[in-house]
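To start, the structure under review is shown below, and the notes come after it.
The values are calculated or read from the model by the stated rules, or taken from the named source; none is laboratory data. This one's a predicted model, so the numbers in the text were calculated from it and none came from an experiment. Note: ideal-geometry Cβ built from the backbone for every residue, glycine included; neighbour counts use all protein chains shown.
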Amino acid sequence: MVNLFQKLFADSPALRAETEKRRQLQERFQLFIEQVKDYAIFMLDPQGRVASWNQGAQRLKGYEAGDILGRHFSCFYEPGDVAAGLPAQVLALAEEYGTCQQEGWRVREDGSRFLAHVVVTALRDPGGALTGFVKITRDITMQKDAEARMASFARELEESAAASDRGLRGSEARLQGFVRHATAAIAFKDGEGRYLLINPAMEALLALPAERILGRTDLELLPEPRGGEVALLDRKVLGAAQAVEVEERWTHGDGSVHDYLAQKFPLVDAEGRNWGIGAICTDITERKRAEQARLQSQKLESLGVLSGGIAHDFNNLLGAILGNLGLAQMEISPTASASTRLKTIESLVVKATNLTRQMLAYSGRGTFEIKPIHLNVLVEEMTHLLTISISKKVTMRYSLDRTVPLIQADASQLQQVVMNLVINASDAIGDNPGTITVRTGVMSADADYLERTFQSQPMAPGTFVTLEVADDGSGMSPETQKRIFEPFFTTKFSGRGLGLSAIQGIIKGHGGGIRVYSEVGKGTTFKLLFPATSAPAGAQPGPEALQLFHGAGTILVVDDEESIRTMAAGILTQMGFDALLAADGMEALMLYETHKADIRLIILDLTMPHMDGAEAFAALRARGHATPVVLSSGFNESEAVTRFRGEGLAGFLQKPYRVQSFIQAVKAALE
């Protein structure tokens, strides 16, 4: 049987590789210990005899390994300490409490003394039996000397203050208090770069306690290349005898990264000699973050304006196409072969319209049909569509809270949000089996929670309906999470729409907020908040057949897009009206003054050059004209009509519009 196991072991490449890996790690660790030069690190057996020896121990204590191995470690103590039983006490304390730390004088092989900081740690086998001790010794003589110099320096200051008048003593005390309590990190170093004085803020910057810093240089305290960079800058300050100002990034002891504005200057004595370096480092982390947030906000705002402008122009083109398609469909038989092709074109134009709506959603001026809806019903109606839109290896799960109240929202926009989040979740899972969970719920949120959790997304405190889409996919790094809401940023192939930037715009337009929780390898959860409403859900209107409303008279169409004007004129002609066409507000006013007796209705575009719709409307009303006005725009209705509230608009026509929508708007305004 033993031979069999030996053969299995020998034939197992994995076991051999693992064994070799562990052996190499042990050898590297042993080599590391042996080559450490600044610390004496060695083993003691349970009786206190030296069992191992490294280069640091040889350099610090002077003993060769062959001369010390097997000897009792009490040989490092002064005779008085040995007589008092101090070595035995150290081992007893380490055995009882696991570790023992002390500072005291120790003796080298040549009889010289040094001040040591000693840590002795007990070692035990898996059964708890004591197997020996690890002893680490560090020479702190220079540190204590520096502390003594500092104490001497402080005494000299006190003596000088005592010899000065009371005002000088008061100024000095205030200066010392300032250094001690200043939020900026302050340090004084001697000409060789050794720290002489630091305040608590400097301890935080260096992520080290004062006793580890004082008396040492940056080369001793900091890893390369940071230590060399700081020392080089200090030498430049001393050499040039001039102050310098630089930005530096430091990691605190808690792992947080901080940006500092460091001001370094030479310290000059009464004779004008440079004897050291002073440093004042101000934490500018929050200032930098605020600046980055401001730049990001400006970038997003600029992109929002750009996307909104593009979508507006594109909407005009689509509106002209849709209108002319409607006219063409009215002029041919529904059974004609061309009718099928026209319907196909209309379908494609509608898809293009959805793209412009996404662009407007990102700009915050999306086309929303706001009404009370139930989020659970919306999700349930999408379950089949969601299932066929994702990988067959992914399982959809739903956890819908039946107590959620209604929200004021645009159903088609929220459907895009849910679909986009679910598709993103499926992409994150990839070709692996996984689960996507859609949850709804209700929660109350105060101002403090909203500010902390949904930063830069202004929402009023109150009751919110929550929507969560969670996956167990690959997750995202913190760097990716910071960028996911940037326009056009993606970690996957293109062609999936505007993505999360559009989602954020839609949610913003609904007065809500979005937050992402993600960890690499553990998945991602998007949490959305929508303000709850107590308004009742309205009835769903059914589809209407295309009906041509006939009338008479003149209608003034004002739009800067010629194709829109021509299309509108064609529809009005079919309806029996005469059409007057104007390219901007100024031309519209001139035409109106000439034909005001005949004009029954004005269809007025909002965004135009020279004089826009709002200005033209105000000019008409200022002259006492009360002709009905239907406002036309590709922007969100609630935003577009803001400037007209209380002014008696006869209706709103959402671009791009179909023939029937145009007819209904005209009919409603005239009736």
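Worth pointing out:
- VAL630 free of Cβ contacts under 8 Å to residues at least 40 places away in the same chain and in contact with a Leu (Cβ under 9 Å, 6 or more places away or on another chain): yes
- Any hit, region 177-186, residues being modelled with pLDDT of 90 or more, of a type in the set (Phe, Trp, Tyr) and either under 30 Å from ALA51 (Cα atoms) or outside the structural domain of PRO87 (by TED's automatic domain parsing) (or both): no
- Test: residue in region 43-55 that is at pLDDT below 90, assigned by TED's automatic domain parsing to the domain that holds LEU123, assigned to a helix (DSSP H, G or I) and not aromatic (Phe, Trp, Tyr): yes
- Being more than 55 Å from the chain's Cα centre (by Cα) and either aliphatic (A, V, I, L, M) or in a helix (DSSP H, G or I) (or both) is true of VAL82.
- Across region 429-487, the number of residues qualifying as charged (D, E, K, R), under 22 Å from the mean Cα position of the chain (by Cα) and closer than 25 Å to LEU385 by Cα comes to 3.
- Considering each residue of region 246-267 in turn, at least one proves to be in contact with a helix residue (DSSP H, G or I) (Cβ under 9 Å, 6 or more places away or on another chain), polar (S, T, N, Q) and at pLDDT below 85.
- Count of region 580-606 residues which are surrounded by fewer than 21 Cβ atoms within 10 Å (Cβ to Cβ) and touching a residue at least 40 places away in the same chain (Cβ under 8 Å): 4
- Residue check, ASP269 assigned by TED's automatic domain parsing to the domain that holds LEU197, out of contact with any strand residue (DSSP E or B) (no Cβ under 9 Å at 6 or more places or on another chain) and free of Cβ contacts under 8 Å to residues at least 40 places away in the same chain: no
- Residue check: ARG106 meets all listed conditions (1) surrounded by 15 or more Cβ atoms within 10 Å (Cβ to Cβ); (2) among the charged types (D, E, K, R); (3) in a helix (DSSP H, G or I) but one, namely (3).
- Selection over region 588-625 of residues that are assigned to a helix (DSSP H, G or I) and closer than 24 Å to MET575 by Cα gives a count of 5.
- Scoring PRO656 on the criteria (1) within 45 Å of the chain's Cα centre (by Cα); (2) in a loop (DSSP other than H, G, I, E, B); (3) farther than 20 Å from LEU327 by Cβ leaves a single failure, condition (3).
- Per-region count, region 223-247, residues surrounded by 12 or more Cβ atoms within 10 Å (Cβ to Cβ) and in contact with a Leu (Cβ under 8 Å, 6 or more places away or on another chain): 6
- Extreme residue, farthest from ALA583 (Cα to Cα), among residues of region 613-638 that are modelled with pLDDT under 80 and crowded, with 17+ Cβ neighbours inside 10 Å: ASN636
- Taken over region 376-420, the criterion of being in contact with a Leu (Cβ under 8 Å, 6 or more places away or on another chain), assigned to a helix (DSSP H, G or I) and of a type outside the set (Asp, Glu) is satisfied by ASN376, LEU378, VAL379, ALA411, LEU414, GLN415, VAL417, VAL418, MET419, ASN420.
- Note on region 429-471: residues that are in a strand (DSSP E or B) and either of a type in the set (Val, Ile, Thr) or closer than 23 Å to LYS482 by Cβ (or both) amount to 14.
- Residue check, VAL82 within 18 Å of TYR63 (Cβ to Cβ), among the aliphatic types (A, V, I, L, M) and modelled with pLDDT of 90 or more: yes
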